[in-house]
Structure formats: structure tokens, C-alpha cells
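Asker: This structure is in C-alpha cells; I'll ask about it shortly.
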């Protein structure tokens, strides 16, 4: 019997008429072999097997007698080596023919294994997206502060100074051609107009 357990993966080569009875296909394995026998074009089968203990994803491929040398041991018990007959008896593993599908290679994987890996990958992906989202928010905040908030604060500060009579406050320097630049230019023109109006009033008062 060929059975290997590697990190929850199970591999078997069950046959319908094995030499070693431990390799005999059980009911669900026999159904896989029958499917390959009934459809010779089928080279692979992927199914889900439900058990009380766990659910498994099953990958199966046909085992076919492709070499006539196999018949030296498996054609008849009379032709089989005496040591093999003495070990396994004359009732199993005979009658094979070239071209027969005698069994299957079966790999069973608990669904918990790929699901666990998928959830882990999803968690890391979500963490990466959250990190990217946080970086984007910080960058957007810095840009908004540099492009919008700071110029508006400067305009507000100058408006406060002008309203308190500080006409010698320096003009706003904002060379951008966006709305903030247009607002700064308009405020500078208003400030100059107000200065001119104040000078005219002072001149008339004298």
C-alpha cells in the first residue's frame, strides 16, 4: 500500500483488484476508478468528498497498465513469481491486461488547509490595503493643508490686519492660477483700493 501523509495531504493508489488487499479501493475510490473506466477521455477528476470528520478536495488520475512487463506478475498466478504468490496469495492482483485501467492515483486535501491559506492571504491583503489607505489619507491631508488651508489662513490673517487698520501689511504673494490665487489677487486689489480711498479721505480732511 502506498500511503503518504505530508502536511495533511494524503496520497493513495487504490486499485479494484490489488495484489495487496490493503490497496483495495473502498466504495468512493472505486467510483472514481469506474468513472475513468467509463470515460477513457477523462484524464483527471476533481471532486469534493464530505466526511463526518472533515471535507476534502480530491484530485484523481487513472492508473493504466501501459507496459506489458507488468503482466509478468499480474496476468495469472501461474506465471507470477513464487515469492509474490507466497506473500500475497493467488486470489488477488491477477487478470490484468494491457490498456486496462486498474485503479487511480488519489490525492486528498482537507478543505480547511486551502481555506486557511486563503483567509491568511485575505488578511494580509486587507492589512496592505488599510496601510495604503492610511498613507493616501495622510498625503491628501498634507496636500489640502499646503494648497488650500495655509493660503486661506494667510488671507484670513491679512483680512484681520486690514480690518484693524494695519494698511502697511505686505500684500499676499500667491502665483497659482487656481481659485486660491484668484482670491488672493482680488483681496490685494481690494486692499489697494481701500488704501487709495483712505488717502483720498485724509486729503479732503486736510
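Just so you know, all these numbers are worked out from the coordinates, no wet-lab data involved. None of these values were measured; they are calculated from a predicted model. FYI the Cβ positions are ideal-geometry reconstructions off the backbone, even for glycines, and counts take in every protein chain you see.
Asker: How many angstrom lie between the C-alpha centres of segment 151-171 and segment 21-44?
Answerer: About 88 Å separates the Cα centre of segment 151-171 from the one of segment 21-44.
Asker: In degrees between 0 and 90, to the nearest 10, how far off the longest principal axis of the chain does helix 112-144 point, with axes built from Cα atoms?
Answerer: Taking the Cα atoms of the chain, the angle to 112-144 is about 10 degrees.
Asker: Which ordering of 42, 143 is given by a fewest-first count of other beta-carbon atoms within 10 Å?
Answerer: With the fewest neighbours first, 42, 143 line up as 143, 42.
Asker: Among 90, 12, 61, determine the one that fluctuates most according to a GNM of the chain built with springs between C-alpha atoms less than 10 Å apart.
Answerer: 90
Asker: Among 35, 121, 53, which one shows the highest mean-square fluctuation when the chain is modelled as a Gaussian network with alpha-carbon springs under 10 Å?
Answerer: 53
Asker: Compute the acute angle (0 to 90°) between the alpha-carbon long axis of helix 27-38 and the principal axis of greatest extent of the alpha-carbon atoms of the chain; round to the nearest 10°.
Answerer: The answer is roughly 90 degrees.
Asker: Against the longest principal axis of the chain, how steep is helix 150-163, in degrees 0 to 90 to the nearest 10, with axes from Cα atoms?
Answerer: Rounded to the nearest ten degrees, it is 20.
Asker: Further question: Could you work out [θ]222 nm for the chain from helices alone, using -39500 (n - 2.57) per DSSP H run of at least four and dividing by all its residues? Round to the nearest 500 deg cm²/dmol.
Answerer: About -15500 deg cm²/dmol.
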